[in-house]
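Written out below as structure tokens is the structure these notes cover.
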Amino acid sequence: MFPLKYLAILMTALFLATGSAAEESWPMQQENKGEAQIVINGGKTGNVPFPHHAHQRSLSDCKPCHELFPQEKGAVEKLKADGRLKKKLVMKTCQSCHRKIKKTGEKSGPIGCKDCHSIR
Ligand code: HEC
Ligand code: HEC
Ligand code: HEC
């Protein structure tokens with residue numbers, strides 16, 4: 001009959017659809033905001049989960065990151081492989097912003113290696 005597997009897929013699709021409809025209610029700087037949640041390749045130290053839309057909301061600016069790489073999936077990997085983006089430069093950008101904001105006492109992001117490279 002109706003396998004449970006398909007029901008699970010249907011539920012996931014429904015969940016994603018309503019989730020993204022809610023995302024669209026906040027003001028947009030651009031049409032394509034990319035994925036809400038991204039996993040960045042962090043090499044041997046472990047991969048780095050990155051809440052993309054949360055940053056867009058709290059920073060209301062694309063530039064801190066996208067002046068280093070274009071708004072394309074896989075851009076960081078590609079530029080690093082081509083030698084056009086220094087390894088760990090994106091990482092230093094993440095880290096130094098977190099440090100700066102932490103000093104002001106505002107809610108900030110992780111600074112320690114394992115806190116970012118948490119997917120092993
Ligand atoms: C704090 C860093 C940061 C900010 C701010 C940021 N992005 Fe991104 N964005 C990323 C990263 C990291 C990727 C993944 C690149 C890769 O796959 O190599 C990405 C990828 C994308 C992509 C490609 C599709 C995808 O999801 O992988 C789009 C489109 C995008 N961003 C749009 C935006 C827009 C529009 C803004 C501003 C409203 C923005 N981003 C702000 C870090 C950021
Ligand atoms: C704020 C998050 C964050 C913190 C904290 C962080 N990293 Fe990273 N790291 C990243 C991201 C994102 C990348 C991939 C992009 C890049 O290379 O800039 C990365 C890449 C790397 C790479 C691979 C570079 C390459 O391509 O060869 C290594 C190794 C690494 N990190 C080690 C560390 C160590 C060791 C620490 C602690 C001293 C650390 N990271 C702290 C986010 C972080
Ligand atoms: C220009 C400043 C800035 C940059 C660049 C930046 N962040 Fe953040 N990050 C923040 C702020 C502010 C917060 C806390 C507010 C929030 O959760 O939205 C945060 C929170 C986080 C959190 C914790 C989210 C949570 O749910 O607690 C993670 C993980 C994170 N950042 C990863 C990264 C990674 C990886 C990068 C680089 C690709 C990065 N950030 C680049 C400002 C920045």
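We did not get these values from a lab; they are worked out from the coordinates using the rules stated. Remember, it's a predicted structure, so these values are computed and weren't measured experimentally. Because the Cβ atoms are built from the backbone with ideal geometry, glycine has one as well, and the counts that use them run over all protein chains shown.
About its Cα centre, how strong a charge dipole does region 40-89 have in debye, to the nearest 20, once Lys and Arg get +1 and Asp and Glu get -1 at the Cβ? Don't skip to the end; give the middle numbers.
Working: 10 positive and 5 negative charges, 46 e Å.
Computed charge dipole of region 40-89: roughly 220 debye.
With q set to 0.17, 0.18, 0.26 Å⁻¹, the log10 of I(q)/I(0) for region 35-116, from the Debye formula over equal scatterers at the Cα positions, is -0.72, -0.82, -1.67.
Around the Cα centre of region 28-120, unit charges on the Cβ atoms of Lys, Arg, Asp and Glu (plus for the first two, minus for the last two) sum to a dipole of about 520 debye. A straight Cα-to-Cα reach below 17 Å connects K103 with the lysines K92, residues fewer than 8 places away in its own chain not being considered. The distance between label points at K87 and S118 comes to 2.5 nm (points 7 Å beyond Cα on the Cα→Cβ vector). Look at the dipole of region 35-116 built from charges on Cβ: of S96, Q56, G109, the Cα furthest out on the positive end belongs to S96.
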